[in-house]
Amino acid sequence: MSAAATTRRHPASHTSLRGHVRRATGRDHNPLCRPLDRAYSRLVAGAALMVLVGFVLAVVTALLVYRAETHDAARVARHRHVVTAVTTGPAQSDDLRPGSVRQHAPARWTYPVGPGSGYIPVPSGTVTGTGVPIGLNDAGQPAGAPRPHELIVSDTALVGLGTVTALGCATAGWFAARRHRLDRRARQSWESAWERIEPGWSGRL
């Protein structure tokens, strides 16, 4: 029973990562090292490499997202011009439910390409004739503000974390499946060897 239990724990389970790399690359000349041990070391070294590659990919992906969103925010800021619009009517709630704080009001504004008008977001309770700063694009149409830097950083962090998590789960699944196959090979090898030596060891021969 004790011998069988011993085979369930892989003999290379306490080897350091450096030892696994040496064994996987054929630089470990221990005569007791079996082909199965080398296969397990290649598995560990491969998993470590995949984790490192996954981390690098996550960093690169996050940096690309940060660069793209920062560039987009800068482009919006370059083409956004703040002018003062004058409301031509009272503020109206966007939501008919009591207590709504989102309100718009009709307004007019001037811009080099010509005058403009439309509904613009205003503070609650804005009355007719109130000056409200708004952002316009190059064509004189209302334009939203660039994405805040805090949200860009948040998106970058979420993308990086999501990439690390996804690749980490994939690596863990591959490692578990491969190790299960190696453990099964180890059990089969032990059982085959035991069938050969058991008769002599037990004295039945």
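The values are calculated or read from the model by the stated rules, or taken from the named source; none is laboratory data. Predicted model, so just to flag it, every value in this text is computed and none were measured. Reconstructed Cβ throughout: ideal geometry from the backbone, glycine too, with neighbour counts over all protein chains shown. Side chains included, ligands, DNA and RNA excluded: accessible areas come from the protein's heavy atoms. Shrake-Rupley method; radii C 1.70, N 1.55, O 1.52, S 1.80 Å.
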| query | Among all residue pairs at least 6 apart or on different chains, which show Cβ distances below 8 Å where the first residue, located in segment 156-181, is more than 13 Å from residue 58 (Cα to Cα) and the second is open to solvent by 70 Å² or more (accessible area, probe 1.4 Å) and part of a helix (DSSP H, G or I)? | reply | 171/50; 171/51; 174/50
| query | Is it true that residue 154 is exposed (fewer than 12 other Cβ atoms within 10 Å of the Cβ), of a type in the set (S, T, N, Q), at pLDDT below 90 and in a helix (DSSP H, G or I)? | reply | no
| Of all residues in segment 157-184 being among the charged types (D, E, K, R) and in contact with a His (Cβ under 8 Å, 6 or more places away or on another chain), which is least open to solvent (accessible area, probe 1.4 Å)? | 183
| said: Being within 30 Å of residue 150 (Cα to Cα) and modelled with pLDDT of 75 or more: is that true of residue 39 here? | reply: no
| query | If you scan segment 91-113, which residues turn out to be open to solvent by 80 Å² or more (accessible area, probe 1.4 Å) and at pLDDT 90 or above? | reply | 108, 110
| note | Here the residues within segment 135-147 that are open to solvent by 60 Å² or more (accessible area, probe 1.4 Å) and touching a residue at least 60 places away in the same chain (Cβ under 8 Å) are 145, 147
| Failed condition for residue 62, given (1) open to solvent by 50 Å² or more (accessible area, probe 1.4 Å); (2) farther than 30 Å from residue 22 by Cβ; (3) in contact with a helix residue (DSSP H, G or I) (Cβ under 9 Å, 6 or more places away or on another chain); (4) of a type in the set (A, V, I, L, M), with all others met? | (1)
